[in-house]
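J.: The structure that follows is given in the form of C-alpha cells.
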Amino acid sequence: ATLMLIERMLKKLDLNPLMRLIGVSAVAFSYAFWQFSVDAEVHIPGVFFTIAGLYLLVFRQTKPGPLIGAAFCFAAAAGFHLTNMLIAATVFLYLLYKRAPWRRFAQFSLAYLTFMALFYGVFSALSHKPVLTILYNVFFGPNIYSGYSSNSFNPVTLPTIVSSLASLKHALVAEAGIWAWIVCAGFLALLAMAFKPANTSTKKGFRQAMVFWFIPFFIFFTFWDTANIEFKIHVLLPLLLIAIAALARLKPIVAQVVGVFLSGCLLLVNLLFGIKPQTNFDKNINYQVALAIQKATPENAQIMIAGNFYGYGYGKIYIPYFARREVIILDWILGKGRSLPEIYILLKKISGSGQPIYALAEIAEPGIAVNHLLNFHHIQESAYSGFRSGIQFIPAAKLPGGYLLYRLEIKSP
C-alpha cells in the first residue's frame, strides 16, 4: 500500500510508467524499507500514513477537507510511533512556503490535536495512565516495559553526526563494498541535480515538501537513537523521491538507463549482502538457540533471562519468544521495582503451580550480562548470590554457540 501511494505521487509529477517503476523500486529495494517491511515492527505502517498525509497535503492544494484528512493520517502515524509527530514541523514549513492563510494553520492544528487526543486518549484509557505521562515517558521517563528510563539521546559531537550519516548510508545499502558506494554516489549525484529550478509549480512544491519532510527527521534522528536504521526511513525516503524526480529531468533514454542501473544495483546489493544472508538459518545462531530451546522444553515452560543485550548479542532478548515459550525477564522485573526476594517468591509460586522454569546460562553462571544488570539496578553481588542459593540449576540441554540451558528447581526452605 505504501509503494502504491508513492507510485501515485510520482504519477502526479507526470513521470512515465517506467520512471514510476524505477522510483518505486528505489524505495522498495532500499535496505531499511525492505528489512522492516518484512519485520514485525511499527515503522512501515507509520510511513504509510505519513505518505498518505503528504499526498493529501501536496496534491490537494491544502483545501480544508484534504487538510483535515492529512491531519488524521499524521495523527495515525504518531499512533504507531510517537516520533512521527515530527511531521507537524513539515506541515508548518510547507504551509509557510505555500503562504497559506492563518485559517489553514488553525484548521490543521485543531484537527491534528483533536485526532491525537482521540488516539492517545483511547491508549490512556486502555493503559490506565494519563496522556501526558505516556507522552513524557516515551522520551524522558521510564520505559513502559522495563520500568526504568532509557536515554536514547546522543551528545552533539562530530562522531555522533558521522554515526548518523553512516546509519543513513546503511539504511540505503546493506553492504560496505564498492558496489554499495557506487549506488550511494549515484543517488548523491541525482540529489545534486535536484538543486536546478523545477519546471512546474507542482514539481517545485513536491520537492519542497520532501525537503521539509527530511529536515526535522534528519536533525532529530541525528541525536536520538542515532545508529538505528529503522528511524532513518523517514530521512531516506524523501531523499530518494527527490532523487527520482531529479532523474526524470534527464533525456528519457538516459534517465531510464541510469534509473534501471541504480535500482538494479540496489536490488542486487541488498538482496545478496543484506537480506539473503539473514535467510540462512543454519548460520543464524539465535534461531538455532531458539530451536534447541523449543525441543528441550515443554510447551508450558517459562524461560528466565537477564534481559539486556550482553552475552548473546543483539536479538538475544527475543530468543525465548522465537522458541514459543513464556519469558521471565529479570531486567524488566527489577525495573518495575520488584526486589530479588520478591522475584524468588514469584518463581516459587510458578514452580508450585506445576509450570516448569528454565534459565539460560547467563542466569545460572553469572557473567557479563548479570554483572551489568546488578550494576545498573544497584544490587549487591551478595544479594544475587543469596537469590541463587535458593535455586538449584540442573543442566537441561546444550545450546548452539556453546551455551547451556538449565532447569530450575526451587529449594525447600
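J.: In square nanometres, what is one fourth of the surface area of the convex hull spanned by the alpha carbons of region 363-409?
T.: 3.6
J.: Shifting gears a bit: Quick check: convex hull over the Cα atoms of region 62-213, volume per residue in Å³, rounded to an integer?
T.: Details: hull volume 25.5 nm³, N = 152.
Normalising the Cα hull of region 62-213 by residue number yields 168 Å³.
J.: Roll a 1.4 angstrom probe over the protein heavy atoms and tell me the percent of accessible area of the chain that is carbon or sulfur.
T.: 65
J.: If you don't mind, another one. Quote the relative contact order of region 8-74 in percent (integer), defining contacts as alpha-carbon pairs under 8 Å separated by 6+ residues.
T.: About 23 percent, as a whole number.
J.: Also, I was wondering about something else. Given points 7 Å out from each Cα along the Cα-Cβ axis, report the Asn228 to His378 separation in nanometres with one decimal.
T.: Result for the modelled spin labels: 2.6 nm.
J.: Taking all pairs of different Cα atoms in region 43-104, averaging 1/r and flipping that mean, what Kirkwood radius in angstroms comes out?
T.: 11.4
J.: With the other protein chains left in place, how much accessible area per residue, in square angstrom, belongs to the chain at a 1.4 angstrom probe? Could the numbers behind the result be given before it?
T.: On the way: 20470 Å² over 413 residues.
On a per-residue basis, the chain sits at 50 Å².
J.: Among Val122, Val254, Ala198, which residue has its Cα positioned farthest towards the positive end of the charge dipole of the chain, with +1 placed on the Cβ of Lys and Arg, -1 on the Cβ of Asp and Glu, and the dipole taken about the Cα centre?
T.: My answer, from the dipole projection, is Ala198.
J.: Hydropathy at least 0.5 by Kyte-Doolittle, axial extent at least 20 angstrom from the Cα trace: which helices of the chain, defined as entire DSSP H runs, fit?
T.: Qualifying helices, which must be both long enough and hydrophobic enough, are 43-59, 64-80, 102-127, 158-172, 178-193, 201-223, 233-247, 252-270.
J.: Could I ask something else about it? Candidates (i) 0.97; (ii) 0.94; (iii) 1.04; which is the computed Rg/Rh (Cα atoms, Kirkwood Rh)?
T.: Checking each listed value against the structure points to (iii).
J.: Straight-line reach from Lys169: which lysines have Cα under 30 Å away, leaving out those fewer than 8 places along the same chain?
T.: Lys11, Lys12, Lys196, Lys203, Lys204, Lys232, Lys251, Lys276, Lys283, Lys316
J.: Cα extents of region 1-139 along the three principal axes, largest first, in whole Å?
T.: Sorted from largest, the Cα extents of region 1-139 read 50, 41, 20 Å.
J.: Oh, and also: Please enumerate, by chain and number, the lysines with C-alpha under 20 Å from the C-alpha of Lys349, excluding those fewer than 8 residues away in the same chain.
T.: Leaving aside lysines fewer than 8 places away in the same chain, those within reach of Lys349 are Lys336, Lys411.
J.: Another question, then. Can you compute the charge dipole magnitude of region 86-210 about its Cα centre, using +1 on each Lys and Arg Cβ and -1 on each Asp and Glu Cβ, nothing else charged? Give it in debye, rounded to the nearest 20. Write down the numbers at each step before the final one.
T.: On the way: 10 positive and 1 negative charges, 144 e Å.
My answer is approximately 700 debye.
J.: Any idea what the alpha-carbon Rg over 2.2 N^0.38 Å comes to for region 212-319?
T.: That ratio works out to 1.61.
J.: So, one more: Where a ≥ b ≥ c are the square roots of the eigenvalues of the C-alpha gyration tensor, would you call region 204-244 rounded, which needs a/c under 1.5, or, failing that, prolate if a/b is larger than b/c, or oblate?
T.: Since a/c reaches 1.5 but b/c is at least a/b, the shape of region 204-244 is classed as oblate.
J.: Right, something else. Less than 11 Å Cβ to Cβ from Ala397, Lys/Arg counted +1 and Asp/Glu -1: what total charge do the surrounding residues give?
T.: Numbers: positive: Lys295, Lys398, Arg407; negative: none.
In short, +3.
J.: Sort the following peptides by mean Cβ neighbour count (other Cβ atoms within 10 Å, averaged over residues), highest first: 72-81, 275-284.
T.: Averaged packing, sorted descending, gives the order 72-81, 275-284.
J.: So what is the calculated 222 nm ellipticity per residue for the chain, using -39500 (n - 2.57) for each DSSP H run with n of 4 or more, over all residues, to the nearest 500 deg cm²/dmol? Each step should come with its number before you reach the end.
T.: Numbers: 20 runs with 255 residues, N = 413.
That calculation yields -19500 deg cm²/dmol at 222 nm.
J.: Enumerate the whole-percent occupancy of each 10 Å bin, from 0 to the last occupied one, for all C-alpha pair distances of region 83-143.
T.: 19, 40, 27, 13, 1
The values are calculated or read from the model by the stated rules, or taken from the named source; none is laboratory data. Source: prediction; values computed, not measured. Methodologically, a virtual Cβ is constructed for each residue, glycine included, from the backbone with ideal geometry; neighbour enumeration extends over all protein chains shown. SASA here: full protein model, heavy atoms, side chains in, ligands and nucleic acids out. Shrake-Rupley method; radii C 1.70, N 1.55, O 1.52, S 1.80 Å.
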